[in-house]
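Working notes, beginning with the structure itself.
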Amino acid sequence: AVPKALRHLDREVATLESLFGPRLGPDARVFATVSHQHLYGLLFRLLWPLAAGRAFCAETYLHSEEFFPRMRETAGFALVTTPVHLRRMRADAELASLRSRARAIFSSGGPLDESIARGIESVLGLTPIEIFGSTETGGVAWREQTPAEPDAAFRSFPEVELERSSAPGLEGQLVVRSPYASLGPASAGRNDVQETLMGDRAELLGGGRFRLLGRAD
């Protein structure tokens, strides 16, 4: 179990609305292929829609033939999903029928190949928004692999600070200081901001931007 206080979730939900809410608008309906039993699903498909007053589907859909017809009935939708599902969707002939209603596609749970991002963008006219984080840290960063920036760097969420570890045996691993995190020592002089060592190596580019270099293990 990873303990979290309501304030950790509330802060992150507010950040999601400030970053991505304008894309969805007030009437977008939220669909998901991920469970609310994972933090990504809990935040994106349940708590964020509730806090923002948006409708969401309680069902967890696994196959496009289940949720594509429901999406076509909406004025606009957002989809909370994974790279695996996007890989399957890219080849679905019915995907193009959703273009006029798609507001945002969110992807997390693993790296999204550039070819999949390009394939989704070419059909729907929007690039999937990749979310990078963990259960312990909450959301850390996001990116869009647009045609203009195919190998886009990740951008940290507001109030999230990053550095690379220099500790022996942990060199290059990402250290995250975040008000959304619930585990780790409190940062010096920073009330309720936790410092967490992640298992991912990264190249820091400045201004909260970075590229992932793979898992340390």
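The values are calculated or read from the model by the stated rules, or taken from the named source; none is laboratory data. In this text the structure is predicted, and so the values were computed from the model without any measurement. Backbone-built Cβ (ideal geometry, glycine too); neighbour counts: all protein chains shown. Keep in mind that these areas ignore ligands, DNA and RNA; they rest on the heavy atoms of the full protein, side chains included. Shrake-Rupley method; radii C 1.70, N 1.55, O 1.52, S 1.80 Å.
What does the highest-first list of 207-216, 163-172 look like by mean Cβ count within 10 Å?
207-216, 163-172
On the first, second and third principal axes, largest extent first, how far apart are the outermost C-alpha atoms of segment 1-144 in Å?
That works out to 43, 30, 25 Å along the principal axes.
In nm, to one decimal, how far is the Ala14 label point from the Ala75 one, both placed 7 Å along Cα→Cβ?
In this crude label model, Ala14 to Ala75 measures out at 2.8 nm.
Can you tell me which of 137-144, 155-162 comes out highest on packing, and rank the rest after it, using the mean Cβ neighbours within 10 Å?
In descending order of packing, they fall as 137-144, 155-162.
Can you tell me the length gained on complete extension of the stretch Glu161 to Glu94, counting 0.36 nm per residue apart and subtracting the Cα distance?
20.0 nm
Would you work out what percent of the accessible area of the chain, with all protein chains in place, is carbon or sulfur (probe 1.4 Å)?
Carbon and sulfur together cover 51 percent of it.
Once Rh for segment 65-113 is found with the Kirkwood sum over Cα pairs, what is the Stokes-Einstein diffusion coefficient at 10 °C and 1.306 mPa s, in µm²/s?
140 µm²/s
Given 10 Å bins starting at zero, what is the percent of C-alpha pairs of segment 1-68 in each, up to the one with the largest pair distance?
P(r) for segment 1-68, in whole percents per bin: 20, 50, 27, 4.
Would you compute, for the Cα atoms of segment 72-217, the largest minus smallest coordinate along each principal axis and list the three values in descending order, in whole Å?
Principal extents (largest minus smallest coordinate, Cα): 52, 27, 25 Å.
Could you please report the charge total around Val30, scoring K, R as +1 and D, E as -1 over all other residues with beta-carbon less than 9 angstrom from its beta-carbon?
+3
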